[in-house]
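Only one structure is covered here, and it is reproduced in the block below.
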Amino acid sequence: MAQKRKHRLVGYAGLVAIVQRIVPARPDQVFAVLADGWTYSDWVVGTVHIRDVDAGWPAPGSRLHHKAGPWPLSLHESSEVLTCEPERELTIRAGLWPLGEAHVRILLDPVEGGRTRITMEETFGAGPLRWVHTKLNDLVLHRRNIESLRRLCDIATREKSRP
């Protein structure tokens, strides 16, 4: 059920949406973007504004507080770090209430040539969205995550080129 296109693997493992991309930046460079909670509205599709970031971000239990969706329908929510292994893995519980919450796992694997394979896995952990699994949702979720990964790669590559 998976198909490979332009360094992206699009598929499912159970109800977990998986997208993947190789970026010409080292894992520490990609993780530097993930570790800066203020950048999330720059690369996470649907997040329109970061309101606050806990001082300990991305330590487990720390949160970033954000707005999602278009005004005037924006939701004020927060996302919490569940696990963090610097330069390797970050797992977040993203609040989307009243729709539910998503669990997002980002894996960073070094690839020869100073590159990184970024894998993003997302599933709905609670709420109404957990029970609505349709082909349309699959398509929207995959497209959203492919675009989020593209933006993350752009930022990591841009940061790499700065002195």
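Condition first: surrounded by 17 or more Cβ atoms within 10 Å (Cβ to Cβ), in contact with a His (Cβ under 8 Å, 6 or more places away or on another chain), modelled with pLDDT of 95 or more and not in a loop (DSSP other than H, G, I, E, B). Can you find one or more residues in region 55-65 that meet it?
no
Testing Ala59 on (1) within 17 Å of Leu34 (Cβ to Cβ); (2) free of Cβ contacts under 8 Å to residues at least 24 places away in the same chain, one condition comes back false. Which one is that?
(2)
Can you name the number of the only condition in (1) in contact with a Pro (Cβ under 9 Å, 6 or more places away or on another chain); (2) farther than 23 Å from Pro110 by Cβ that Phe31 fails?
Tallying (1) in contact with a Pro (Cβ under 9 Å, 6 or more places away or on another chain); (2) farther than 23 Å from Pro110 by Cβ, Phe31 fails exactly one: (2).
When you look at Val45, is it at pLDDT 85 or above, surrounded by fewer than 19 Cβ atoms within 10 Å (Cβ to Cβ) and under 14 Å from the mean Cα position of the chain (by Cα), yes or no? It would help to see each step written out before you state the result.
On the way: at pLDDT 85 or above: yes; surrounded by fewer than 19 Cβ atoms within 10 Å (Cβ to Cβ): yes; under 14 Å from the mean Cα position of the chain (by Cα): yes.
Yes: the conditions hold for Val45.
Test Val111 against the criterion of being closer than 26 Å to Val23 by Cβ, over 16 Å from the mean Cα position of the chain (by Cα) and among the hydrophobic types (A, V, I, L, M, F, W, C), and give yes or no.
Values: closer than 26 Å to Val23 by Cβ: yes; over 16 Å from the mean Cα position of the chain (by Cα): yes; among the hydrophobic types (A, V, I, L, M, F, W, C): yes.
When the stated conditions are applied, Val111 passes them.
On the basis of being closer than 20 Å to Leu141 by Cα, touching a helix residue (DSSP H, G or I) at 6+ places or on another chain (Cβ under 6 Å) and modelled with pLDDT of 75 or more, does Val10 make the cut?
In short, no.
Quick check: is even one residue across region 82-91 among the aliphatic types (A, V, I, L, M), touching a helix residue (DSSP H, G or I) at 6+ places or on another chain (Cβ under 7 Å), within 19 Å of Asn145 (Cα to Cα) and free of Cβ contacts under 8 Å to residues at least 24 places away in the same chain? Explain how you work it out, then say what you get.
Filtering region 82-91 down to residues among the aliphatic types (A, V, I, L, M) leaves 82, 90.
Then drop every residue that is not touching a helix residue (DSSP H, G or I) at 6+ places or on another chain (Cβ under 7 Å), which leaves 90.
Next, only the ones that are within 19 Å of Asn145 (Cα to Cα) stay: 90.
Those left that are additionally free of Cβ contacts under 8 Å to residues at least 24 places away in the same chain: none.
No, every residue in region 82-91 fails to be among the aliphatic types (A, V, I, L, M), touching a helix residue (DSSP H, G or I) at 6+ places or on another chain (Cβ under 7 Å), within 19 Å of Asn145 (Cα to Cα) and free of Cβ contacts under 8 Å to residues at least 24 places away in the same chain.
For region 27-56, how many residues are of a type in the set (S, T, N, Q) and in contact (Cβ under 8 Å) with a residue 60 or more places away in the chain? So that I can check it myself, show each step before the final result.
Step one: filter region 27-56 for residues of a type in the set (S, T, N, Q), giving 29, 39, 41, 47.
Those still in the list that are in contact (Cβ under 8 Å) with a residue 60 or more places away in the chain too: 29, 39.
Looking only at that region, the number is 2.
With the requirement that a residue be modelled with pLDDT under 85 and among the charged types (D, E, K, R), what does region 145-163 give you? Steps first, answer last, please.
Filtering region 145-163 for residues modelled with pLDDT under 85 gives 159-163.
If the condition is that a residue be modelled with pLDDT under 85 and among the charged types (D, E, K, R), then Glu159, Lys160, Arg162 are the ones that fit.
Suppose we keep only residues that are surrounded by fewer than 18 Cβ atoms within 10 Å (Cβ to Cβ) and within 14 Å of the chain's Cα centre (by Cα) within region 92-106. Which one would you say is nearest to Ile18 (Cα to Cα)?
Arg105
The values are calculated or read from the model by the stated rules, or taken from the named source; none is laboratory data. As the structure is a computational prediction, the values presented were derived from the model and not from experiment. Ideal geometry is used to build each Cβ from the backbone, glycine not excepted, and the neighbour counts take in all protein chains shown.
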